[in-house]
Each structure stands twice: as C-alpha cells, then as structure tokens.
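For reference, the structure discussed in these notes is given below.
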Amino acid sequence: MRPFQSMFLATLAAVVPCAATAASAATSEPAAATGVVAGAAVVKLEEGVWDAVAEIPAASPDAAPTTMRGVQTNTLLAGGRWMRNDFELEGYAGHGTWGWDPRKGRYVGIWVDSNSDYIRLDEGTYDPATRTLTWTAELRQPEPHPPARYRMVETFRGDTRVLTMTAIGPKTGKVVPLGTITFTRRTGAGAGGAPGR
C-alpha cells in the first residue's frame, strides 16, 4: 500500500470531522445566526446515517482507482453542540467528535481510527456562500519523517456531501490527492425536512 494511500485510510471520516454532512433542519442558512447558534447549525448538517462511496487514486498511471463502500452514522451530542462520527468502510473503522469552539472562532475536532496510533486534532472553517467546510490537520509520518499537512474539503449539497482529501508534502510542498468520499443520506435519517441543492 502506498504511504499516501495508507494516510487516506487513516483519515477517511473526518472528519472529520473528515470528515462528515448535508442539509439542516431549518430552511435558513447556518450563517444567518451568529456565534454558538450558527456553529450548531453547521454541526447539524452532518446528522444522520450516510451511505459512503470512497475512491482512492490509482497507485500507478496504468492502474484503476480503488472504490470502497461503507456507512457513516453521525449523532448529535450535548444538546446539538457536538457531533459524533462513527465510520466503517471495508476493513476500516474511524470515530470522531467535532463542534464549534467560540474562543477559537472555528470548528475543532478529534479523530481516531484503526490505522492510527494517535489522536488527530482538526480545525476547520465554514463558508456559507459555497456551503463548504474546510479542515486542516497534521498527519504523523513514520520516523524519521516530519508530519505532513492534511486538508479536507467537504461540500454540502442537500442530502449529498462530498469530502475531498489531500496531503501536502512536508519537504516538497507538493499537493497529493488522497481520495474522495461521496456520502448520501439515507431517507428519513437525520435532519429531515430540509431543502436540498
């Protein structure tokens, strides 16, 4: 398995935070509110059970991308201020919690999974104009290599959301695609009644 393919598997659901998300229960955009209220509205976008299709880039030019399927279950916690992500994908399991940090003025999250021996710390921002949640983190590499920078961009399209993951080489600065996950919310699961795009 390629090093960056291994990293992809180690960071599949973010988020998040990676990695996570879709339409809110309200008809207004999350940005219409301020502070904790707006933060909680964005967190709610990920609520529900989602079928996932992950595509990992080919290891060589003459090979085909790898496609895997899984399920992500996202549960609101603590009165809707935090989201718990539970993700399973063909031999991989990951778990995370994320929400709005009013002091930092951004989203924060943690992530652990079956491919990692540490807790990943994520920070993110939401752009209401594009309905995009962008996360950054540090990916631990095998010794003696320095950590790589990790970026997850999650775009919400009603009951579909797309998570795109890349790593930035610590020495070269080269952006390396790690994969894309398309999530589709199961009918009746989560923030029902919200309009889609």
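With the crude spin-label approximation of a point 7 Å out along Cα→Cβ, what separation in nm comes out for ALA64 versus LEU121?
Between ALA64 and LEU121, the label points sit 4.3 nm apart.
R0 = 30 Å: FRET efficiency of LYS174 with ASP101, Cβ-based, nearest 0.05?
The computed FRET efficiency comes out at 0.45.
Taking θ = phi - 60°, what integer Hz values does the Karplus form 6.51 cos²θ - 1.76 cosθ + 1.60 yield along the range 62-79, in sequence order, with x for Gly and Pro?
8, 9, 8, x, 9, 10, 10, 10, x, 9, 10, 10, 10, 10, 6, 10, 6, x
Under a point spin-label approximation (7 Å from Cα along Cα-to-Cβ), what is the THR136-ARG81 distance to one decimal in nm?
Each label point lies 7 Å from its Cα, and together they span 2.6 nm.
Computed from the coordinates by the stated procedures, all read-outs in this text should not be read as laboratory data. For clarity, every value in this text was computed on a predicted model and none was experimentally measured. For neighbour counting, all protein chains shown are included, and Cβ atoms are generated from backbone atoms with ideal geometry for every residue, glycine included.
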